[in-house]
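The values are calculated or read from the model by the stated rules, or taken from the named source; none is laboratory data. All values reported here derive from a predicted model rather than from experimental measurement. Because the Cβ atoms are built from the backbone with ideal geometry, glycine has one as well, and the counts that use them run over all protein chains shown.
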Amino acid sequence: MTNEEIGVIFQNIMQSKNVGLLVLKNDKVRHINKNFKNYLNTLGIEASYKTLLDINENYNQDFQIYKKYSFLENLLEKYKKFNSNDNEDRTHHTMALSKSNLELFYTGFVHNGEKYNVFTLKPLHKNLKLMNNKFFELLKNISKLSTEILSNSNFKSYDVFNQIFSILEKEMMLDAFIISLEDDDFMYINFGKIKAHDLSDLYLPKYSLTGYVSTQKQSIYIKNSLEIDMQEGFKIFHASKPEVYSVFGIPFDVGNGLKGAILFERKGYDSFLKPEIKILEELSYTILSILKFAKLYEDLNNEKEKIYDLAIKDKLTNAYNRVFLGEYLENALEKAKRYGEKYVLIFVDIDGFKSINDKHGHNYGDTCLVFFAETIFNCIRNSDILARYGGDEFLIVLNETSLSEAKKIIDRINIKLQNSLFKLSISYGLLELDKNLTIEENLNIVDNLMYKMKYKK
């Protein structure tokens, strides 16, 4: 560091009447002003540079001070490392101390073989207007981001919250952001990140910290996560080894099953400033709007799926109907022609089903059909399909399966049906889809094969 650089540092410091200054040269005090001592008193620390810096002598006896003011411990580690390393040229560290609205700055540098350590304490109130402007821009950017993602047809709330966390992590040095929803006896983590660790889609007990916050009537600020006085039965679950975190928690209940808590966390004791808490409160309204939109989006999609299922599935057996089957087979035939894909058709029918209905009634017959379909579903893959062709006639379509494998599958189905309480037997026809024939011609062939088996019984 040059003389000019050192001169600029001290000139800037000395021009301000509000800055507290402590300068050490080779671990000896060269200057400590009245402001620095007064600010230490504001923090509740004895007005002595030794309390801050004499690590070897005072660290153990003043442990309670360091435990209460965790920033001192972090600062001392940097100071100790710098002064024990002959090769290190410089280091610096800045931290806002929200407890007294002060900002602490430390820098260490080597000049002409001498080691200098400079500490300053200054009030933050002159920067509040600047901070508010910064936070306003932050909210504006998040709002713009949310609007862009919400208008996307493939909207996912996780994507919005993940980008919000990225902004907060960068602009506000946030360490954790968690949104949890009450779910019976658990708290479901709708979105959760602690630095790079993703906690989304996990379930925590309701007696966890998120559950505790959700029971509150208003937002709460926890200065020290290790010393929180929660009511009996609640406790904190740590993702890693316990550390001191400041936590700002916001409970919410916006109806439609959306009740839970939002948690913002940062390492250190009492590490959030009042303007930061205010901006996080404002941000919570955006987060809740996204949650409500996501719930509405999910409900609409579920409704669309139900309507679609009603259009393509048999209501009784949940097998596909003939409308869907026709479209599926047309696509299968096209793939067989273009790409050589293989499909096996199994036309299957319950033997004596009319007699079952006549003897036991239609309700019993319907129960047999449901069991029949469930048995088939349990024996085929998700990539295969089952369609109700009519009455007790069903068509199974197996893709990329040989006739010999298809025979094993239908035999397994037959054994399960015969050994069931219903004692059902079946007749079936097997056919590899012929790409040179039409769908109707293929269906006629496999249907005739099924009836040939039935007539032989």
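Worth a mention:
- Restricting attention to segment 187-233, the residues that are in a strand (DSSP E or B) and among the hydroxyl-bearing types (Ser, Thr, Tyr) add up to 3.
- Of all the listed residues (262, 277), the sole one being in the same structural domain as residue 176 (by TED's automatic domain parsing), in contact with a strand residue (DSSP E or B) (Cβ under 9 Å, 6 or more places away or on another chain), more than 30 Å from residue 403 (Cβ to Cβ) and in a helix (DSSP H, G or I) is 277.
- Residues of segment 404-432 that are closer than 18 Å to residue 344 by Cα and either loosely packed, with under 13 Cβ neighbours inside 10 Å or of a type in the set (D, E, K, R) (or both): 404, 405, 407, 408, 411, 412, 432.
- Which numbered condition residue 308 misses (of (1) in the same structural domain as residue 223 (by TED's automatic domain parsing); (2) farther than 18 Å from residue 158 by Cβ): (1)
- Matching residues, segment 372-413, being closer than 20 Å to residue 352 by Cβ and touching a Ser or Thr at 6+ places or on another chain (Cβ under 7 Å): 373, 388, 413
- The set of residues in segment 244-261 that are in contact with a Gly (Cβ under 7 Å, 6 or more places away or on another chain) and either among the small types (Gly, Ala, Ser) or buried (at least 22 other Cβ atoms within 10 Å of the Cβ) (or both) comprises 246, 261.
- Note on segment 164-185: residues that are without any contact (Cβ under 8 Å) to a residue 40 or more places away in the chain and in a helix (DSSP H, G or I) amount to 6.
- One residue stands out among those in segment 337-351 that are surrounded by fewer than 18 Cβ atoms within 10 Å (Cβ to Cβ) and in contact with a strand residue (DSSP E or B) (Cβ under 9 Å, 6 or more places away or on another chain): the one that is farthest from residue 387 (Cα to Cα), which is 341.
- Residue match in segment 386-398 (condition: out of contact with any Asp or Glu (no Cβ under 7 Å at 6 or more places or on another chain), under 26 Å from residue 313 (Cα atoms) and among the charged types (D, E, K, R)): no
- Residue in segment 222-233 that is among the hydrophobic types (A, V, I, L, M, F, W, C) and at pLDDT 85 or above present: yes
- Unmet requirement for residue 377, which otherwise passes all of (1) buried (at least 20 other Cβ atoms within 10 Å of the Cβ); (2) under 22 Å from residue 314 (Cα atoms): (1)
- Among the residues of segment 433-457, those identified as surrounded by 14 or more Cβ atoms within 10 Å (Cβ to Cβ) and basic (Lys, Arg) are 435, 454.
- Residue count for segment 408-455 under the criterion of being touching a residue at least 12 places away in the same chain (Cβ under 8 Å), in a helix (DSSP H, G or I) and more than 18 Å from residue 378 (Cβ to Cβ): the result is 13.
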